[in-house]
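Trainee: Before we start, here is the structure in question, set down as structure tokens.
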Amino acid sequence: MTPFKLPDRYVQTDECYEGGQGIVWIYQDTDLDRKVAVKFLRPAVDREELLQEIASLRAIRSKHVAQIYDLQFHPKTKKPALIQEYVSGPDLWATTKAGVSTEQALLILYQIASGISDVHAAGKIHRDIKPTNIKSDAEGIFKLLDFGLTCDADPQPSTRQARGTDAFRAPEMYVPLPVPLTPAIDVYAFGVTAWLIFS
């Protein structure tokens, strides 16, 4: 059950996915005849976190980043629902578990690196690069998802919370807090992701 009803143009399907911040339901946008992914926040999550994610997505233009389409608000609580591009294919973990050749792996890594480069060129740090946050669309284009932890790269940010996924956290994330954040943490996570593809 979704937290609130969207405009009639959006028809809910039975497909949904759970994440750290909320639940993503898949809808059919009947006006534009396409599926969209709608992210609803969990009750305990601050709406500012999703608004920050939206601001980050609006700043990035890349075919390797899932794009934002629309934003709706609960009529009473004003909690937002983020409506964005639906990326239909499997995530990178499922793709590589099925087996890929060295040539395919290199092509996938090139696409991921291009997406990360576009994120950094927009002045952002993703902070949660990992195989389950990367999916392919119907045309085989790999896209970065889940910008819930994304922050501006300048002025240099820092964090007092070592958030993200343990195995993909850069070594500097394990020093005493606060930890300065740089694009290098995405590069490290990309390296771990590349190792997993080839291992």
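The values are calculated or read from the model by the stated rules, or taken from the named source; none is laboratory data. From a predicted model like this one, the values you see are computed outputs, not experimental measurements. A quick note on method: Cβ atoms are made from the backbone with ideal geometry, for glycine too, and the neighbour counts reach across all protein chains shown. The area values use the complete protein model at the heavy-atom level, side chains included, leaving out ligands, DNA and RNA. Shrake-Rupley method; radii C 1.70, N 1.55, O 1.52, S 1.80 Å.
Trainee: Work out, step by step, the length gained on full extension between Asp137 and Val100: first 0.36 nm times the residue separation, then minus their alpha carbon distance; give nm to one decimal.
Mentor: The span from Asp137 to Val100 would gain 11.6 nm if fully extended.
Trainee: Which values of log₁₀ I(q)/I(0), to two decimal places, follow from the Debye formula for the chain at q = 0.11, 0.13, 0.16, 0.19 Å⁻¹ with a uniform point scatterer at every Cα?
Mentor: Results for the chain at q = 0.11, 0.13, 0.16, 0.19 Å⁻¹ read -0.52, -0.73, -1.08, -1.42.
Trainee: So what is the accessible area of the chain per residue, in Å², with the probe set to 1.4 Å?
Mentor: Accessible area per residue, the chain: 52 Å².
Trainee: Over the chain, what is the relative contact order in whole percent, taking alpha-carbon pairs under 8 Å and six or more residues apart?
Mentor: 17 percent
Trainee: Related question: Expressed in nm to one decimal, what extension gain is obtained for the pair Ile23 and Gln161 from 0.36 nm per residue of sequence separation less their Cα-Cα distance?
Mentor: Residue separation times 0.36 nm, minus the Cα-Cα distance, leaves 47.4 nm.
Trainee: If each of Arg42 and Ser114 carries a label point 7 Å out from its Cα toward its Cβ, how far apart are those two points in nm?
Mentor: My value for the distance between the label points is 3.5 nm.
Trainee: Could you give each residue of the range 112-123 its phi-based ³J(HN,Hα) in whole Hz, using Karplus coefficients 6.51, -1.76, 1.60 with θ = phi - 60°, and x for Gly or Pro?
Mentor: Once θ is set to phi - 60°, the couplings for the range 112-123 become 5, 4, 5, x, 4, 4, 5, 4, 5, 5, 7, x Hz.
Trainee: Most fluctuating residue of Gly99, Gly22, Gly123 in a GNM of the chain with Cα springs under 10 Å: which is it?
Mentor: Top of the fluctuation ranking is Gly99.
Trainee: Non-local amide H neighbours of Gly22 (under 5 Å, H modeled in plane, Pro and chain starts lacking H): which ones?
Mentor: Residues meeting the amide H criterion: Arg42.
Trainee: If the cut-off is 12 Å between C-alpha atoms, which aspartates and glutamates fall inside it for Lys130, apart from same-chain ones fewer than 8 positions away?
Mentor: Output for Lys130: Asp91, Asp146, Asp166, Asp186.
Trainee: With all distinct Cα pairs included, what does the Kirkwood hydrodynamic radius of the range 136-179 come out to in Å, to one decimal, could you say?
Mentor: About 12.9 Å for the range 136-179.
Trainee: Kindly write out, for the range 71-82 in residue order, the coupling ³J(HN,Hα) from the Karplus curve 6.51 cos²θ - 1.76 cosθ + 1.60 (θ = phi - 60°), rounded to whole Hz, with x marking Gly and Pro.
Mentor: Going residue by residue, I get 9, 10, 10, 4, x, 9, 7, 6, 5, x, 10, 8 Hz, with x marking Gly and Pro.
Trainee: Sticking with this structure for a sec: Restricting to Cα pairs below 8 Å that are 6+ residues apart, what does the relative contact order work out to for the range 1-109? Please round to a whole percent.
Mentor: 19 percent
Trainee: I've got another one for you. Quick one: divide the alpha-carbon radius of gyration of the range 93-176 by 2.2 N^0.38 Å and tell me what you get.
Mentor: Dividing the Cα Rg of the range 93-176 by 2.2 N^0.38 Å gives 1.21.
Trainee: Another question about this same structure. For the range 15-88, how many pairs of lysine residues have a Cα-Cα distance under 25 Å, where the two are 8 or more positions apart or belong to different chains?
Mentor: Close lysine pairs under the 25 Å cut-off: 7.
Trainee: Run the numbers on the range 111-167 and let me know its relative contact order in percent, using alpha-carbon pairs under 8 Å that are six or more apart.
Mentor: RCO, the range 111-167: 37 percent.
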